[in-house]
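The values are calculated or read from the model by the stated rules, or taken from the named source; none is laboratory data. Keep in mind the model is a prediction, meaning the values are calculated, not measured. Note: ideal-geometry Cβ built from the backbone for every residue, glycine included; neighbour counts use all protein chains shown.
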Amino acid sequence: MEAVEKLVAAMRKASAEERETLKQQLLELATGASGPAVREAIENCRKGELLEVQWELDDVLEATAPKKAAPPKPPEAPPDPNRPLSAKDLTLVYDDPRGLMIHKSKVGNRWFLTQVDPRSGQPQTMELMPQEVAQIQAQLAGSPYWVIGAGGPAAAAPAQPAHPTPPGSRPMPPRR
């Protein structure tokens, strides 16, 4: 392109202030309708030029470079219901202070029982099968240790204690 070649030739002989003006003219050409052709002409003229002119042309090329589109994000797969769970993935539904806890997964229908090993004193957790869940819920149906609103059978349990406290006395804490 003749206009680009003339501006580059003028840039070769120009002072620093004049180069800025010429650079602005190149920017206007490169951002116009024939931008890709102007960029190609600038790239061709850049070869073999004075180093200072090359730097000015590089500035024009960088400023007018087409923006790269961000790579599309891969669609998020639904979480695997059988993946290993962490504590934040579980809801406590039963908490017996003697060392028995039952958790239910927040996603899916997986149940876990945690109890203290009497030999080591360390908690051990195991996943429960559906028939085991039903059996444990039946065994612990009247227990006061179901966490209310957590999905256990506490909703069916009476709201009042089994043995009402006489007026004026304090209720006894549960045995540990």
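Of all residues in the stretch 67-78, none satisfies being outside the structural domain of L113 (by TED's automatic domain parsing) and surrounded by 10 or more Cβ atoms within 10 Å (Cβ to Cβ).
The numbered conditions (1) in contact (Cβ under 8 Å) with a residue 24 or more places away in the chain; (2) surrounded by 13 or more Cβ atoms within 10 Å (Cβ to Cβ) are all true for L50 except (2). Of all residues in the stretch 1-25, those satisfying the criterion of being more than 15 Å from R46 (Cα to Cα) and in contact with a Leu (Cβ under 9 Å, 6 or more places away or on another chain) are A14, Q25. Applying a threshold of 9 Å to beta carbon distances and a minimum spacing of six or more residues, or different chains, the list of pairs starting in the stretch 130-143 at a residue that is farther than 16 Å from N109 by Cα and in the same structural domain as R110 (by TED's automatic domain parsing) and ending at one that is aliphatic (A, V, I, L, M) and surrounded by 13 or more Cβ atoms within 10 Å (Cβ to Cβ) reads L140/L100; L140/I102; A141/A157; G142/A157; S143/A154; S143/A157. Count of the stretch 20-46 residues, restricted to those that are closer than 20 Å to P66 by Cβ and either of a type in the set (S, T, Y) or not in a helix (DSSP H, G or I) (or both), is 4.
For E17, state whether it is at negative phi, in a loop (DSSP other than H, G, I, E, B) and either of a type in the set (D, E) or surrounded by 11 or more Cβ atoms within 10 Å (Cβ to Cβ) (or both). For E17, the condition - at negative phi, in a loop (DSSP other than H, G, I, E, B) and either of a type in the set (D, E) or surrounded by 11 or more Cβ atoms within 10 Å (Cβ to Cβ) (or both) - is not met.
Of all the listed residues (G108, G35, G99), the sole one being touching a residue at least 24 places away in the same chain (Cβ under 8 Å) and assigned by TED's automatic domain parsing to the domain that holds V8 is G35. Inspection of the stretch 71-90 finds no residue satisfying the criterion of being more than 30 Å from P118 (Cα to Cα), modelled with pLDDT of 85 or more and assigned to a helix (DSSP H, G or I).
Among the residues of the stretch 96-145, which ones are surrounded by 17 or more Cβ atoms within 10 Å (Cβ to Cβ), closer than 30 Å to D80 by Cα and not hydrophobic (A, V, I, L, M, F, W, C)? If the condition is that a residue be surrounded by 17 or more Cβ atoms within 10 Å (Cβ to Cβ), closer than 30 Å to D80 by Cα and not hydrophobic (A, V, I, L, M, F, W, C), then H103, K104, R110, T114, Q137 are the ones that fit.
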